[in-house]
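Take a look at the structure below.
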Amino acid sequence: MDQGAVGITAFVLEEKDKDDALSVNWLEFLKCDDRVSEIAEIQQILAVKMNRVSKNSRIAVLNVAQSFAAIDRVLKGKLNITVLHSPTRVEGRWDDPSHSSIYGLPRKEDRLTAATALRDVITEVHPASPVST
């Protein structure tokens, strides 16, 4: 988060991203009844998978087609972005069936431009951990 909004660094590849992909989740894959249920499912997956989710962490929802169009618009077709379903699991510990990956994001030149384009097409933001009542 950056001054109360999702920062562009959320969309920048990090050194630990050895597969050159940005990890995301495919909400519709979960086949939940509504967005509230999809977000609740992702929150549960993150809680188990990451062991601890900061109260400041957020889930940013983006539309794939809008994301592709935004990057293509600002980088004038220089990148070949793809999103692939790539479920992950650690046997006996956690399962992330909706995990997907965005490939083709730049690591150096244009990385902040691409990250800004993605940040600018966020349609919804939700807490990454369940809101306690």
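The values are calculated or read from the model by the stated rules, or taken from the named source; none is laboratory data. Since the model is a prediction, treat every value here as computed from it, not as a measurement. Because the Cβ atoms are built from the backbone with ideal geometry, glycine has one as well, and the counts that use them run over all protein chains shown. Ligands, DNA and RNA are stripped out before the accessible areas are found, and what is left, the full protein with its side chains, is counted by its heavy atoms. Shrake-Rupley method; radii C 1.70, N 1.55, O 1.52, S 1.80 Å.
Scan segment 75-100 and report the pairs whose first residue is farther than 18 Å from Lys31 by Cβ and whose second residue is of a type in the set (Phe, Trp, Tyr) and surrounded by 13 or more Cβ atoms within 10 Å (Cβ to Cβ), with Cβ atoms within less than 6 Å and a gap of 6+ or a chain change. Every condition considered, the pairs that remain are Ile81/Phe68; Thr82/Tyr103.
Scanning segment 113-131 for residues that are touching a helix residue (DSSP H, G or I) at 6+ places or on another chain (Cβ under 6 Å), modelled with pLDDT of 95 or more and of a type in the set (A, V, I, L, M, F, W, C), we see that the one that is most open to solvent (accessible area, probe 1.4 Å) is Val121. Residues in segment 91-112 that are open to solvent by less than 50 Å² (accessible area, probe 1.4 Å) and not polar (S, T, N, Q): Trp94, Asp96, Pro97, His99, Ile102, Gly104, Leu105, Pro106, Asp110.
Of the residues making up segment 31-54, those that are modelled with pLDDT under 95, of a type in the set (Gly, Ala, Ser) and not in a loop (DSSP other than H, G, I, E, B) number 1. Which one is farthest from Ser101 (Cα to Cα), of the residues in segment 4-30 that are of a type outside the set (Asp, Glu) and in a loop (DSSP other than H, G, I, E, B)? Only one residue fits best here, namely Gly4. Within segment 55-113, the set of residues being in a strand (DSSP E or B), of a type outside the set (Val, Ile, Thr), in contact with a Leu (Cβ under 9 Å, 6 or more places away or on another chain) and within 23 Å of Gln43 (Cβ to Cβ) comprises Ala60, Leu62, Asp96, Ser100, Ser101.
Collect the residues in segment 24-34 that are in contact (Cβ under 8 Å) with a residue 12 or more places away in the chain and open to solvent by 80 Å² or more (accessible area, probe 1.4 Å), keeping them in residue-number order. Within segment 24-34, just Trp26 meets the criteria.
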